[in-house]
Amino acid sequence: MKGLRHYAQNYVNWVLRLGKGKSALLGFVVLASCAIVIQAGLSLLFTGQIQAIDILRSIIFGLISAPLVIYFFNLIVEKLERSRIRLEDSLNALSRLREQDARLNAELEQQAAFLRSFFDASPDLVFYRDAEGHYLGGNRALEILTGKTEKTLINLTPKDIYSEETAKLIMATDRDTLISNTGVTYEQWIRYPNDKLACFEIRKVPYFDRVNNRHCIMGFGRDITERKRYQEVIEKNSRDKTTLMATISHELRTPLNGIIGLSQILLEGELSDQQREYLKTINISAVSLGHIFSDIIDLEKIDSRRIELFRTEVEFSQLISNISHFANLMAEQKKIKFHIHYDDDLPTFIFVDNARLSQILWNLVSNAVKFTPAGGDIYLNVVRYDNDHFGFILRDTGIGIKASEHRKIFAMFYQSENSQGKKAQGSGIGLAISKRIAKLMGGDLTVESELNQGSTFTLTIQADEVNSQQAVSLNTHALKVLLVEDIEVNVVVAKAMLDKFSCQVDVAMTGAEACRLFDQNSYDLVLLDIQLPDTTGTALAQQWRASYENGEVDYLPLLIALTANIVQTKSEYRQMGMDDVLRKPLSIEALSDCLNRYFNEGFWENSADNEPLEAETDLPDSPFDRQILRELIDVMGKQAVLNNFALFAKLMPTYLDNLHHFLRQWQQTDNPALRQPIAEEAHKIKGALASVGLAKLQQIAQLAQTDNSEQWAAQISGWIDALSANWQADLDRAIQWVESR
């Protein structure tokens with residue numbers, strides 16, 4: 001068979017070498033020759049002779065059959081050759097495929113080894129499990145975590161490796177991943193075999209194993225222990241920073257408020273021009289320091305994203321008055337003129353965060369003063385855009401700002417340069433804080449300026465208009481109250497307010513009367529004026545507290561001080577035997593808060609012990625406190641307030657006569673002991689003035705009652721004359737304001 005294939009291949013090769021034409025002619029000759037030979041042989045065998053016709057017949061047969069035979073053989077040869085060639089090509093291709101397959105297998109093995117090395121080198125966990133929780137594989141990090149090799153891990157479950165609590169969470173998150181068919185990320189604390197505890201951020205994703213036709217889970221875990229500890233440190237530092245800022249706030253604001261309040265009071269006295277300028281500098285410096293400190297507090301809040309607004313009802317005219325006051329004070333320091341203009345359609349009251357708005361305006365005015373040379377002008381225009389949007393447009397004639405710095409000045413800590421290329425003085429945070437607060441207030445802060453052409457800052461805010469002040473929510477307490485107060489006007493006001501809470505009130509105008517009523521009755525609350533004709537409120541509080549601690553009385557009511565002192569703090573009054581303190585003039589809102597705090601279950605006090613007892617009042621250019629008068633009208637009614645004014649007008653001449661009498665005695669004898677009656681009578685007058693809201697004269701009486709300053713002797717006569725000369729006019733203006741409500 002091999003020989004036959006060999007001869008056939010040789011024949012095919014021979015035919016291919018000769019070509020189709022030559023091989024056909026040769027085939028014809030061979031075929032014709034074979035036919036003649038065969039015919040001759042057969043004729044000789046059967047007839048014994050060879051005839052020419054037989055030869056001719058053979059030749060004719062060859063001529064007829066040769067083309068078909070030759071064509072057939074050539075076709076077979078051609079087909080065979082093509083098949084051979086294709087077979088040879090297929091064998092070559094198969095050989096190449098085998099080589100490629102071998103190379104690919106080697107590459108796959110190399111990549112698999114590389115991936116395995118990569119996973120093993122990774123510090124992160126890599127693992128996969130089936131739906132029943134059996135491990136199918138894992139990397140070196142998993143082996144270290146579990147203390148088992150990968151071969152040992154296979155077919156084990158988390159219950160076989162970890163503690164019960166750890167395994168429970170692992171299996172629960174596996175179920176969540178398979179049920180939701182989505183990835184799950186969570187944090188979990190896992191303990192190493194060496195008892196080291198680490199926190200891992202684990203990510204699990206589902207996948208389907210088509211080879212084994214099963215659902216599986218692939219998981220990745222990153223050790224975030226250091227990050228967690230660092231995060232705890234950051235959170236602790238943030239809490240410590242917040243605590244520090246709150247502590248600084250309380251510690252700094254108390255003396256600052258005292259400096260601001262006392263300097264304002266002193267500015268109302270008789271001073272030399274130099275003293276007045278010094279006091280103005282002290283006052284504006286303290287106010288500036290307070291606003292800068294507010295910016296620093298806000299900087300911390302913005303950093304921790306805790307800044308928020310506390311909107312209250314604010315009288316627009318009061319707001320404009322405040323702006324004008326502090327702007328004029330700052331402008332006067334550099335001999336700059338401040339001009340203010342406001343639209344006629346501004347509402348009476350708006351609902352806005354007054355402290356934040358004042359903070360922004362202070363920053364704008366402060367910058368305008370800073371960059372405006374002496375003799376320049378500052379203009380403020382207050383406009384109303386629509387029903388609840390307002391604008392404050394501040395224009396100065398200062399050095400201006402380059403166009404390239406318009407956006408930069410609102411960046412934190414950026415300080416623009418002056419014409420000499422020097423950085424401007426300041427913290428560089430005022431405008432940045434102001435812009436963020438403006439956006440919180442539903443508006444914005446923008447600037448238009450050219451170098452050496454001045455600047456125009458436009459503050460827009462959103463503030464709802466309100467028709468009247470919101471009424472204080474009054475709860476019925478029905479308490480039995482002892483009111484210890486020696487000024488009749490104050491008694492009328494306090495009783496009217498307590499009546500609003502359905503309280504039963506007994507009044508004592510001396511310490512002796514207070515002790516008698518205290519021994520005869522049982523009270524829920526005692527309101528104690530600090531200065532009484534025969535003793536002090538703190539002395540009474542200490543006496544009653546000692547009796548309770550010694551077991552002489554079974555029950556001690558709540559002891560609340562009534563004071564007009566704006567400097568002392570609540571903790572200082574508590575150290576003197578009081579439970580709490582209320583500021584004069586008594587506010588219905590403050591009284592409501594006090595009663596709710598102590599007599600409503602679940603009410604929690606959040607005011608600081610070190611918070612100064614300072615309330616918002618009208619500025620010194622206003623003779624009366626509109627806030628107090630509004631509350632008195634709400635509590636007592638308009639007619640009752642006017643009646644209270646009439647009572648004050650009846651009592652005030654007597655108070656002043658006594659004051660002048662004691663003053664003459666002291667001046668005639670120069671006896672230091674006679675200064676005390678003057679101070680005590682001034683205290684009575686101060687309390688009476690506070691109860692009818694005459695804030696400006698109340699500040700003068702505050703000075704007159706404080707017999708501990710070097711200038712008291714020099715100024716007391718002027719203070720008393722000021723009280724005598726102005727009380728009637730100030731009262732008339734207050735009466736007119738109340739009647740117009």
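Considering only Trp712, Leu731, Ile633, and ranking their Cα positions along the charge dipole of the stretch 626-740 that arises from unit charges at the beta-carbon of Lys, Arg, Asp and Glu, the one farthest toward the positive end is Ile633. In plain terms, the chain from Arg229 to Glu165 could stretch by 20.8 nm, reckoned as 0.36 nm per residue minus the Cα-Cα distance. Rounded, prolate or oblate: pick one for the stretch 95-215, where a ≥ b ≥ c are the square roots of the eigenvalues of its C-alpha gyration tensor, a/c under 1.5 means rounded, and failing that, prolate if a/b is larger than b/c, else oblate. Prolate, because a/c is 1.5 or more and a/b exceeds b/c. In order along the stretch 356-362, phi translates into HN-Hα couplings of 5, 4, 4, 5, 5, 5, 4 Hz, rounded to whole numbers, per the Karplus curve 6.51 cos²θ - 1.76 cosθ + 1.60 with θ = phi - 60° and x for Gly and Pro.
Shown is the FRET efficiency for Glu132 and Asn105, computed with R0 = 51 Å from the Cβ-Cβ distance and rounded to the nearest 0.05: 0.95.
Using the Cβ of Ala121 as centre and a radius below 13 Å, the other residues enclosed give a net charge of -1, where K and R count +1 and D and E count -1. Write down the Kirkwood hydrodynamic radius of the stretch 312-466, to one decimal in angstroms, obtained as one divided by the mean of 1/r over all alpha carbon pairs. Over the stretch 312-466, the inverse of the mean reciprocal pair distance is 15.8 Å. Here's the picture: charge each Lys and Arg Cβ at +1 and each Asp and Glu Cβ at -1 in the stretch 312-466, and of Ala463, Thr446, Leu319 the one pushed furthest to the positive end of that dipole is Thr446. Label sites at Ser33 and Arg733, each approximated as a point 7 angstrom past Cα along Cα to Cβ, lie 15.1 nm apart.
Fully extending the segment from Ala121 to Glu450, taken as 0.36 nm per residue of separation minus the present Cα-Cα distance, adds 112.2 nm. Over 18 Å between Cα atoms: which of Lys280/Lys337; Lys584/Lys686; Lys335/Lys402; Lys402/Lys439; Lys335/Lys370; Lys480/Lys500 fall into that group? Flagged as over cut-off: Lys335/Lys402; Lys402/Lys439.
Only Lys, Arg, Asp and Glu count, each charged at its Cβ (+1, +1, -1, -1), so figure out the dipole size of the stretch 635-741 about its Cα centre, rounded to 20 debye.
It works out to roughly 400 debye.
Peptides 715-723, 678-686, 354-362 ordered by packing proxy, namely the average of other Cβ atoms within 10 Å per residue, highest first: 678-686, 354-362, 715-723.
Modelled spin labels at Tyr555 and Leu271, positioned 7 Å past Cα toward Cβ, are 5.2 nm from each other.
By how many nm would the segment from Ser571 to Thr669 grow when fully extended, if each residue of separation counts as 0.36 nm and the alpha-carbon distance is taken off?
Gain on extension, Ser571 to Thr669, equals 31.3 nm.
Here the peptides 479-490, 365-376 are ranked by packing, the mean other Cβ count within 10 Å, and the order with the highest first is 479-490, 365-376.
Coordinate-derived values only; no laboratory data. Keep in mind that this is a model prediction, so the values were computed, not measured. FYI the Cβ positions are ideal-geometry reconstructions off the backbone, even for glycines, and counts take in every protein chain you see.
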